[in-house]
1. For region A:246-333, list the strands (runs of 3 or more DSSP E) that sit wholly inside it and hold at least 1 residues that are of a type in the set (F, W, Y) and either at negative phi or within 14 Å of chain B (Cβ to nearest Cβ) (or both); which are they?
2. Check region B:446-454 and report whether any residue there is in a loop (DSSP other than H, G, I, E, B), in contact with a Gly (Cβ under 7 Å, 6 or more places away or on another chain) and not aliphatic (A, V, I, L, M).
3. Sort out which residues of region C:16-59 are of a type in the set (D, E), within 11 Å of another protein chain (Cβ to nearest Cβ) and either surrounded by fewer than 15 Cβ atoms within 10 Å (Cβ to Cβ) or within 30 Å of A:D35 (Cβ to Cβ) (or both), and write them in order of number.
4. Mind listing just one residue for me: the one in region C:60-114 that is within 12 Å of C:V47 (Cα to Cα) and in a strand (DSSP E or B) and, of those, nearest to the other protein chains (Cβ to nearest Cβ)?
5. If the Cβ limit is 6 Å and pairs must be 6+ apart or interchain, which residue in region A:118-129 that is at the interface with chain B (Cβ under 7 Å from one of its Cβ atoms) pairs with which residue that is in a strand (DSSP E or B) and of a type in the set (S, T, Y)?
6. Taking the criterion of being part of a strand (DSSP E or B), among the β-branched types (V, I, T) and farther than 30 Å from B:V4 by Cα, would at least one residue in region B:296-309 satisfy it?
7. Within the group A:T137, A:T173, which residue is β-branched (V, I, T), over 26 Å from A:T241 (Cα atoms), crowded, with 21+ Cβ neighbours inside 10 Å and modelled with pLDDT of 95 or more?
8. Can you confirm whether region A:109-116 contains a residue that is within 12 Å of chain B (Cβ to nearest Cβ) and of a type in the set (D, E, K, R)?
Amino acid sequence: MTYDLIVVGGGPAGLAAACSAWEKGLKHILIVERDKELGGILNQCIHNGFGLHRFKEELTGPEYAGRFIKMLNDTGVEVMLDTMVLEINAQHQVHVISAAKGYEVLEAKSIILAMGCRERTRGAIGIPGDRPAGVFTAGSAQRYLNMEGYMVGKRVVILGSGDIGLIMARRMTLEGAKVLACVELMPYSGGLMRNIVQCLEDWGIPLYLSHTITDIVATNGRVSHVTVHKLDDKRQPIPGTNLEFDCDTVLLSVGLIPENELTRAAGIAMDPRTNGAIVYENMETSVPGIFACGNVVHVHDLVDYVSAESERAGAAAAAYVLNGVQQGNAITIVNGADVGYTVPQKIRVDNVPKAADIFFRVRRVFKDSVIEIKDGDRLVISYKREHMAPGEMEHIILPRKLLDTVTGNEITVSAREA
Amino acid sequence: MYDVCIIGCGVIGAATAFELSKYQADVLVLEKENDVAMGASRANSAIIHAGYDPKPGTLMARLNVEGNAMAEQLCKDLSVPFSRIGSLVLAFTEEEEATVKMLYERGVQNGVPGLKIINADEIHEMEPEVSKDVRSALYAPSAGIITPWDYTLAFAETAVRNGVKVTLNARVTNIEKLPEGGYRLTTPQGVFEAKYVINAAGVHSGEIHEMVAEKTFTVCPNRGEYYVMDKSECFRAHHVLFQCPNKDGKGVLVTPTMDHNLLVGPNAEGVEDGDRVNNTAAGMAFVREKAYKTMQTINYRNAIRNFAGIRANTDKDEFQIGIAAENFIDLAGIKSPGLSSAPAIALEAVKLLSQCGFNPEKKANPITTREKKRFRFMNDEERREAIKENPAYGRVICRCETVTEGEILDAIHSPIPPCSVDGIKRRAGTGMGRCQGGFCGPRVVDILARELHLDPMTITQDGAGSQLLLAETKQEVSAK
Amino acid sequence: MKELVCIVCPKGCRLHVDEENDYAVTGNSCPRGAVYGHNEIKNPTRVLTSTVRLEGGLYPRCPVKTDKAVPKKLLMDIMQELNHVSLHAPVEAGQVVLANICGTDANVVVTKNL
């Protein structure tokens, strides 16, 4: 049998994509999930704050996933759990293995990639020192704590002020650990202000901006001490600024990387800025009929946005299967001043219904600024913003009727102070 | 009383144990750590050198070339990842070109096969990413890359299957000569007696030597630091790319590994503590700076791990191999090219035992092969078969390296059972990849605890004391 | 007068709250900021999320939360109470684990089917 759609990954992106494709009329849909349950990383994110946009209420991670799993249960979407995808290819074949069914090659009319992302590790940032037990990514520690019921440490220093690190500062504190410091390389936090207040300030945990860990010392195989230094403008440690912490644990919250090994191996064109696939306005990749959505495309701040993007991908996969291949010339979106990346990277104007959604991140903190879309030197449209920061994904809606005025084959998105 | 006690289960001790296990002899290996291959054998450049580097006429020269020649068949028989990809020693200056010529001459004298000096065009044909500044290179087709901890494990496991006893957590603290001949060795695991003792204690071989003999050499522990790069960087090198050796060693190299990563390093720095393998900001910066000369394109954002290893360098420009005292053999001060020489050093040990008067009969049919399932290197058909045979091969635990539960179970139930997450890593390959065990770590802990009937809180990352989990949550339970 | 940063949206307005004057808020750019500033100084509350023991489930812990915000100063007391709880699978999201926790009028409820 050939599936209408195979969704790789049963986290928030995969769930929303499958539900949406079903709603749009696809009947033979399969989700392949490597874990023993659906929901992905949300299962370990037991804190609240999810769903304010999507459901207009504050849910915990498992509750947010639960809403979508309930929706999925009302459809005829098939699910394979405990199953690993080893390979996908441009012919829409999906190689999977599982203990239950062995090695199988599945065929599909369309595929949605929803593999999510992974955490950057100590090795990726090259922290000097001993390499003992006690250095964990925040997400691994979160899994041990919230799902397995173990504390990875009692005296903790956190490197990186991304949201997972902040959330873990509070969780470890609530469970009786002493969190000594949160140390951030950049001069600003990568996390939400709300998490700085509720996860650090509520508990009197100091946040050291423009600081980093410069040494990790072990005693008898476990972390026993770390040294932290303030950094100069070139991010080099300033001698004499060292702070010394006796601790047993270092948690790392130093960024997420889209998990695209399957994507690369399938020969899908990648964007080095996002570490994700290059996608069109409907989340289709460079290989026709293969779509991508969620954190595998670009790392999102809020799961609500993942769901919205994935629903668009699901609908587009349904349209691809039911109506055939999307055609049309594509406009490339060029990153102008202070714009780090955009998603989508390309827009096929003929396929844009009323407007195209464009997501992007700025490279620095802005107050009272404008986002400009230009066709060559001509200003197509501008959008005002009171506040922008690299940690906050920006979203603009570009009307079709303005896209129709574009004469060149590219438009530029840039940001500047007003 | 054992016939032979080998102190140290690095690659030298393990290769010697394997060689002796082919004879009718009671052999004991004492290892101070909680696993084998815990010193220099697991943290090095993972190269089987061709043998043009050591001075002609030295033991190092002969044993390197012999060990290199033995590696291929041994790795085939013992299922150790090995590939004879060849090496280049790159010359960037006139002076270095002279060094390359000198190495060529040495290599020819040492009996290294197939050596050739090649020009810049030929180099770039073979290695397009190498710096445009390169002038010429020594090409040694017999150099290879290997998984060094698995080489050690293969020797040790096969020796155990042949009846050798390996005792872990057994640091030798005292050696006493027995009046009736033989030695008594004291360890935290008890006291052991053996007629013959072989000192393969690596960076501690000086201390062991001095327990029975006058000091004749000094171990000078020397640390080398490395970068391991993601598989996406592996394409940059197809051969082992050396720079010209200098007084500090063979210099910074760039090489692919058997796991398709790119390895960059090492520096060379004398250190006090031969057991401390920390990385330093200065050492890592040095490696990046020196490697830049070989190749400007390496993207360090794609680094997945740093590590450091300790070389058992000595004040002598030679391996310290010989009879140190009555019935006591030193395989000491085994620095580079020790890994390459290991199987040849083992044969040397058998010869020295014979000189001491120990000439056991060969066993009729000793085990000399090892099978190992590696799902990631199987083709589709082999994978289908493996899962059919045992469904555990269908459950991927380490998703970066595609290591299955079946391979983890094989490791746990192997002849030298591991007790740590890194013990599983060395045997099965879990956690070696880009997420560095972030995903599979908790699952490996779970499987280890389940299979060994242990509390997860006792499972270590690596050596003794390196527990991962420090407490259970929700401690004060009362019925409700 | 107390000063705090508003967390209602990413703008991060610096709020001034006058305790002498019925917790009047200045510095806010929207009405939601005024409400936040008022409550945050007068009676700061938080939703607590944590876990409790679970027997016979897919995992040995089950996530829970308070079904409404509780006074910040009681968070550690509630954590203590959770240590005494052990549930048996199956459990369903929304199931009450502890009612009227620490006299707060909030219930601790399960947040995942397990």
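1. Of the strands (runs of 3 or more DSSP E) lying wholly inside region A:246-333, those with at least 1 residues that are of a type in the set (F, W, Y) and either at negative phi or within 14 Å of chain B (Cβ to nearest Cβ) (or both) span A:290-292.
2. Narrowing region B:446-454 to residues in a loop (DSSP other than H, G, I, E, B): B:453-454.
If we keep only those that are in contact with a Gly (Cβ under 7 Å, 6 or more places away or on another chain) as well, we get none.
No: region B:446-454 contains no residue that is in a loop (DSSP other than H, G, I, E, B), in contact with a Gly (Cβ under 7 Å, 6 or more places away or on another chain) and not aliphatic (A, V, I, L, M).
3. Initial filter on region C:16-59 (of a type in the set (D, E)): C:18-20, C:22, C:40, C:55.
When the remaining residues are screened for being within 11 Å of another protein chain (Cβ to nearest Cβ), the result is C:40, C:55.
Within region C:16-59, just C:E55 meets the criteria.
4. C:K65
5. These pairs meet every condition: A:E119/A:T137.
6. Within region B:296-309 (the criterion being part of a strand (DSSP E or B), among the β-branched types (V, I, T) and farther than 30 Å from B:V4 by Cα), the answer is yes, since at least one residue qualifies.
7. A:T173
8. Within region A:109-116, none of the residues are within 12 Å of chain B (Cβ to nearest Cβ) and of a type in the set (D, E, K, R).
The values are calculated or read from the model by the stated rules, or taken from the named source; none is laboratory data. Small disclaimer: the values here were computed from a predicted structure and weren't measured. Ideal geometry is used to build each Cβ from the backbone, glycine not excepted, and the neighbour counts take in all protein chains shown.
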